[in-house]
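Here the structure is laid out as structure tokens; the discussion comes afterwards.
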Amino acid sequence: LLKAIAPLLENNHPPPDLCEFFCKHCRERPRSMVVIEVFTPVVQRILKHNMDFGKCPRLRLFTQEYILALNELNAGMEVVKKFIHSMHGPTGQCPHPRVLPNLVAVCLAAIYSCYEEFINSRDNSPSLKEIRNGCQQQCDRKPNLPLRLLHTSPDLVSQEATLTESRLKPVIVTSNEIHVEVERNNTANQKMTANVGNDSEPNLIDCLMVSPTCSTMSIELSAQADRILGCYVEILKMLSDYDDWRPALASLLQPIPFPKDFFFRELKYVIQRFAEDPRQEVHSCLLSVRAGKDGWFQLYSPGGVACDDDGELFASMVHILMGSCYKTKKFLLSLAENKLGPCMLLALRGNQTMVEILCLMLEYNIIDNNDTQLQIISTLESTDVGKRMYEQLCDRQRELKELQRKGGPTRLTLPSKSTDADLARLLSSGSFGNLENLSLAFTNVTSACAEHLIKLPSLKQLNLWSTQFGDAGLRLLSEHLTMLQVLNLCETPVTDAGLLALSSMKSLCSLNMNSTKLSADTYEDLK
């Protein structure tokens, strides 16, 4: 019967009732050849052409059951891996743009179903497991074993006489395969009591996400749920191994609130792949998607809910961000305000990236408190790598004082074909405290020379015409050269990302962006 139906599905998605029929076959006969011969092209078509699983959730459930059926074969994850590779294609670029978003949607739904199907949502709608089993209405639902959210407090017994019965009554949530115990303080008790009074149940994310009001949380999944979780986590890992998929995958996973238990065990490999990728569009997704919301960078930092490695992953994230375009005062200020302790601890253990961070904080005068500065210096001098880098910093500071000493020319033009090293050699040869006009036009300087340019205190006019000076250099200039009035960027590789940073330069009077990648929107913003 299934083979007879197959030709009808060559150009059409299976309707909901047929999806349920297919799901049933995948669950009951996962090793059937029908799964490979008939269902594979159907699932491939779904992943390539489906636009919205929200409108047809049974297509997603069928895809989930199909993948689980593949995982039940003798080769297990190797078969799944070959299937994922077939969806990507043999070339370095996947020709089907919908495959990755659909695969991620299937994985996330399956991962959440391991938790959601045991805890009812706030509106008491059927869980994914119940939808899969054909339950549509609340009255169709079968009662499961009770799950208790236990509220304990040291003074609970002493308050028993004064608390009302409703406050002492535990909240019951249905479950058959999961056990969750949450201890909350008195404020959380009151909040939960209000929920009980409204006959509403705890939201899935509220129960699973770590919150300041939770002191302990334990999540135990059944062996079956653990196998499902493991299968789809492995798929996320596979997806992160494809270079062309990694930027979109990082963007898709950036705002997702995974359960705490999931962080510790599984997702670290995927985040590590993001942290190793030199492309800005990938590793920039390590940061939070918006202000006030923790991103992977915060969650995997020492003291974060997902950190289980003494900050090794955090250090690698800082390294890639600092090496890209985040070597700015703003990023360093954020670290100094929120993560100075972890940075000092890792530097104390000899982490070179954190030693560099502390040196930059001193060099850019990020730390105002004198005692904190002395503590940072003591931390740097406690290791060999820190002592060496701090001595280099002191040498640079002495050279900077000499460079900024009043005297020297007011105008300077470098010969064409000069390099960053030539500029550094020239500026280290004497005093340039009076230098106001510097022309680097038609030289071979790059953004790397910005670290020398920001040390010129009186610079007002800078000509970078036809150089390789880019966005990273512009960000540094915008934060340090507050006196700059004239800037020529004609025929440079700068883009909107760097040009927007210039909006903070209030003294700028003349700006040449001819023959750059300036867009009309950025032009209006700069005006």
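General observations
- Extended-chain gain in nm, criterion 0.36 nm per residue less alpha-carbon gap, Asp241 and Thr495: 88.6 nm
- Here the label points at Glu451 and Asp525, each 7 Å from Cα along the C-beta direction, are separated by 2.7 nm in the simple model.
- Within-10-Å neighbourhood charge of Asn437 [Cβ basis; K, R +1; D, E -1]: +1
- Rule-of-thumb Rg ratio for region 334-432 [Cα; 2.2 N^0.38 Å; N residues]: 1.32
- Extension reserve of the Ser416-Cys394 stretch, reckoned as 0.36 nm per residue once the Cα distance is removed: 4.7 nm
- With one equal scatterer per alpha carbon and no solvent term, the Debye-computed log10 I(q)/I(0) for region 398-527 at 0.16, 0.20 1/Å reads -0.74, -1.15.
- Debye equation applied to the C-alpha atoms of region 348-405, log10 I(q)/I(0) at 0.12, 0.15, 0.30 Å⁻¹: -0.27, -0.42, -1.25
- For region 1-84, the list of trypsin sites (Lys or Arg not before Pro) that fall in a loop by DSSP and count at most 14 other C-beta atoms within 10 angstrom reads Arg31, Lys55.
- Segments 422-428, 68-74 sorted - mean Cβ within 10 Å per residue, highest first: 68-74, 422-428
- With each label modelled as a point 7 angstrom along the Cα→C-beta vector, the Leu518-Ala75 pair spans 5.7 nm.
- When a 1.4 Å probe is rolled over the protein heavy atoms, the share of accessible surface on region 411-526 that falls to carbon and sulfur comes to 49 percent.
- Each label point was placed 7 Å from the Cα along the Cα-to-Cβ direction; for Arg29 and Asp309 their separation is 4.5 nm.
- Paramagnetic reach from His85 (point 7 Å along Cα→Cβ, amide N under 18 Å) across region 223-244: 234-244
- Region 411-526, relative contact order [Cα under 8 Å, separation at least 6], %: 21
- The loop-placed trypsin sites (Lys or Arg not before Pro) in region 370-415, going by DSSP, that have at most 10 neighbouring Cβ atoms within 10 Å of their Cβ come out as Lys406.
- Computed from backbone phi, the HN-Hα couplings of region 440-453 come to 10, 4, 6, 9, 9, 6, 10, 4, 4, 6, 4, 5, 8, 5 Hz, rounded to whole numbers (Karplus: 6.51 cos²θ - 1.76 cosθ + 1.60, θ = phi - 60°; Gly and Pro given as x).
- Within the shell defined by Cβ-Cβ distances under 15 Å, the residues around Asp521 carry a net charge of -1, with Lys and Arg each +1 and Asp and Glu each -1.
- R0 of 30 Å, Cβ-Cβ distance Thr372-Met483: FRET efficiency to nearest 0.05: 0.55
- Interchain or long-range residues, amide H under 5 Å from Gln468's placed H: Val445
- Here the Karplus relation 6.51 cos²θ - 1.76 cosθ + 1.60, evaluated at θ = phi - 60°, turns the backbone of region 510-522 into coupling constants of 9, 9, 9, 10, 5, 6, 10, 8, 4, 9, 5, 5, 5 Hz, with x for every Gly and Pro.
- Using the average count of surrounding beta-carbon atoms within 10 Å as a protection proxy, the listed peptides 365-372, 233-240 rank, highest first, as 233-240, 365-372.
- Region 405-448 - Rg and Dmax from Cα coordinates, angstrom: 10.6, 29
- GluC sites (Glu not before Pro) within region 410-493, DSSP loop, no more than 12 other Cβ atoms inside 10 Å: none
The values are calculated or read from the model by the stated rules, or taken from the named source; none is laboratory data. Owing to the predicted nature of the structure, the values given are computational and were not obtained by experimental measurement. Cβ sites come from the backbone with ideal geometry, for glycine too, and all protein chains shown count toward neighbours. Quick note on the areas: whole protein, heavy atoms, side chains included, nothing else; ligands and nucleic acids left out. Shrake-Rupley method; radii C 1.70, N 1.55, O 1.52, S 1.80 Å.
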